[in-house]
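Trainee: So that we are looking at the same thing, I have put the structure below in structure tokens.
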Amino acid sequence: MKFFRHIFLLAGIFSAALSLAQPNRKIDSMEHLLKEAKNDTTLANLYNRLADQYRLSDPKQALEYAKQGLSISKKAGFVKGMADGYNQVGLNMENTSRFETAIAYYDSSMTNFRKCGDSDYVAKMHLNIANVYLKMDDYKNASEYTMISLRMQEARHSDFGVAVCNLTLGNIYYSEGDPRAALEYYEVAYRMNRISGKNSSLEAASLGNIGGMFVELEQYDSALYYYRISLHSYLEAGDSAHLGSTYGNLGEVWSNKKNADSALFYYRKALTYDYKMKNKYSGGIALASIGNLYQDKGQTDSALYYYREALMVIEDVSAPLEKANLYWEMSQTYESNKQFDSALIFERKYEELNDSIRDSDKSSAIKELKQAYQLDKIDQQLQLSEAAKKVAEEHDRRTTTLFVTLSVIGMLVCGIFFLMYRTKKKHNTELEKKNEEISTQKEEITSSIQYAKRIQDAIFPSKEVKYRLFPDAFVMLRPRDIVSGDFYWFAEKNGKKLIAAVDCTGHGVPGAFMSMIGNAFLNEIVNEKGVTNSGQILDQLREMVITSLKQKSDDERRSSGSSESSTTDGMDIALLVIDEKNSTVEFSGANNPLWILRKNTMVMEEIKGDKQPIGFYSGEARPFLTHRINVNKGDALYIFTDGYADQFGGAQGKKFRYKPLQELFINIGAEPMQTQENILSDTFEKWKGTLDQVDDVLVIGVRI
């Protein structure tokens, strides 16, 4: 039960004082300004800014400044200062693992931001609260607060806000045991952050969490890559609060790679920063992880020492899941040490706490804290409602006076326009009816297409299949319209793994219909008939497409007396059949090639497909060739449709073309597959710019 990986929750990424703090202004300059402050508002703002500056480097001093700023704001009735002050104290409580108290302060901060009319920070406080609930393993409340914040961020068109919400949703999915879903949200967070202007702390957190998901997939080299660049980003940003967690994650990777010395080095580095930042939560995880190392070595006495130390630290924070797992580890270690009485004690503690985790109700503790800090919002809302009532009554009085005056004028104007209105009424009614019919038809069509997309998504293989069959791979699919004429296909048969990139005639709805036909035929040929030779698969696929679409040559149509024109619908395809046991790959292509990037030479090889489509062909139709290629571990295979290369963009609005695409693959070929997909996506967006996407785009990369 190795549970000690720490995902990044970004405590305080939504600090209210971020809008006030000036990173290029020295702390001593702001402290000097305290002596010159002439009014309470300026003084409160300075204290809040200083609290934010000290938040990462000196939490104790930050708390003192935050309390002073809050006290001054209360006395002066400075609502914005109170909102900032409550938030700064909440940040300190969260960073020092006093989670219930942090929620109370964030809640009060949100109330005051709402009174200020600051919807931006109302949304941000929702997310701060969500992150604390997540640390408390309360996933229900964490999800609810995150979704509220996400809706508000989307309404405000805040790319950065949407990025942080996606990061938190990823954390929730990971905590609930769904790392693949979490990885998707982390990737969205990383991309949205880049769109928003690249916040260094958020980038570091997203990269770190992506690294964590690669640990889940047991791709440890990729995990190390992401953790290291995450660490570099945190160091550059001066974000000491997350260095302990990052070093701890690096320790976990080395532990999984069975390098205990490197793991112990990083865990001790983690402890150094955790003690410095008074981060008991992360420090407890590091201590428990060291205990795991000694347990794996069979040094049970040392393991129990670190487990006890970890338990002492975890006891001071609200982390029931971590405490329960510690009980379990201690029980197992005592049992292996033949101390059965102690083992039984901790096993019972584990069972009792584990049973209570899902049923725990933390609302009473939060309510008591709210009362202690006088944060009950009911009275405040009643006061606001009374004030709103008075404003509404005054508004009604003025509205009535204005209405009487305008009514007299309006009657005269209406008399003038009455005849004009009657003349046009019939015409307008007919026009409105037609517009309504068009609008209804448009809505019905859009609804039907959306439903078609759901069908298409359900038919095509899920990402779970991709991760199972091709754990070190990426699939970049960008439909031009709601539904796609490009599709990818996976299968596993007779010990071989098959993958295809398929481009159907057209895009949108026509292409989508063809894609579903192609997907069904490929499944029948491989999964039902058991054909795994790549050339034979394409031969049979071509026959089935021609038969199902009733495609005929001109001579065949004339001899049958048909006057209908024959369709030329079909598909271009690149198909791979990977035999890992024999280190070979079969490739067959209809108009589309295979590119192979050899690991040792970083030279790109091209295997061309046959110059004929899947479907009716006016030329001489030949059996599709089967190319057998020897491959080595680390080689990268790329198959794709023509959408990426044909996209218009750049300074002169020209096509991207295949040679630059090949050069791009060579330049990024050493990167992890997920990073390659991110780079391809970013490059495509930058190239396209403000121009429309001209076709569906599909690119697949597989590392052997």
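The values are calculated or read from the model by the stated rules, or taken from the named source; none is laboratory data. Since the structure is predicted, the reported quantities are computational estimates derived from the model, not experimental observations. Here the Cβ is made from the backbone with ideal geometry for all residues, glycine too, and neighbour counts use every protein chain on show. Remember, those area values only see protein heavy atoms, side chains included, never the ligands or the DNA or RNA. Shrake-Rupley method; radii C 1.70, N 1.55, O 1.52, S 1.80 Å.
Trainee: For a 19 Å ceiling on Cα separation, which of these pairs sit above it: Lys497/Lys581; Lys497/Lys633; Lys297/Lys323?
Mentor: Lys297/Lys323
Trainee: Within a Cβ distance under 12 Å of Asp239, other residues only, what is the Lys/Arg minus Asp/Glu net charge?
Mentor: Combined, the nearby Lys, Arg, Asp and Glu give -1.
Trainee: Taking a ≥ b ≥ c as the square roots of the Cα gyration tensor eigenvalues, with a/c under 1.5 meaning rounded and otherwise prolate when a/b beats b/c, else oblate, which class fits segment 592-704?
Mentor: Here segment 592-704 falls in the oblate category.
Trainee: Could you please report the charge total around Tyr658, scoring K, R as +1 and D, E as -1 over all other residues with beta-carbon less than 15 angstrom from its beta-carbon?
Mentor: -3
Trainee: Hey, another quick one. Please list the non-local residues whose amide H lies under 5 Å from the amide H of Lys493, H modeled 1.01 Å from N, same-chain partners needing a gap of 5 or more.
Mentor: Close amide H contacts, sequence-distant or interchain: Leu498.
Trainee: Bin width 5 Å, origin at 0, all Cα-Cα pairs of segment 164-310: what percent of pairs per bin?
Mentor: Final binned percentages: 2, 11, 17, 20, 21, 15, 8, 3, 1, 0, 0.
Trainee: Let me ask you something else. Find the centroid of the Cα atoms in segment 472-486 and in segment 642-662, then give the distance between the two in whole Å.
Mentor: 17
Trainee: Enter the Cα centre distance for the pair segment 202-271 and segment 52-90, rounded to the nearest angstrom.
Mentor: About 32 Å separates the Cα centre of segment 202-271 from the one of segment 52-90.
Trainee: For the peptides 310-317, 288-295, what is the packing order when you average, over each peptide's residues, the other Cβ atoms within 10 Å and list the highest mean first?
Mentor: 288-295, 310-317
Trainee: Additional query: Pairs Lys38/Lys124; Lys60/Lys269; Lys74/Lys115; Lys74/Lys135; Lys115/Lys280; Lys67/Lys269: which are spaced more than 25 Å apart, C-alpha to C-alpha?
Mentor: Pairs exceeding 25 Å: Lys38/Lys124; Lys74/Lys135; Lys115/Lys280; Lys67/Lys269.
Trainee: Can you tell me the order of 165-178, 136-149, 77-90 when each peptide is scored by its average per-residue count of other Cβ atoms within 10 angstrom, highest first?
Mentor: The peptides rank, most packed first, as 77-90, 165-178, 136-149.
Trainee: May I ask you to give the percent of accessible area on segment 179-307 that is carbon plus sulfur, with a probe radius of 1.4 Å?
Mentor: It is 47 percent, rounded to a whole number.
Trainee: What net charge is computed for the residues neighbouring Phe487, neighbours being all others with C-beta under 10 Å from the C-beta of Phe487, Lys and Arg scored +1, Asp and Glu -1?
Mentor: Overall, the nearby charge balance is -3.
Trainee: Quick one: which of 46-53, 520-527 comes out on top by average Cβ neighbours within 10 Å, and what's the full order, highest first?
Mentor: 46-53, 520-527
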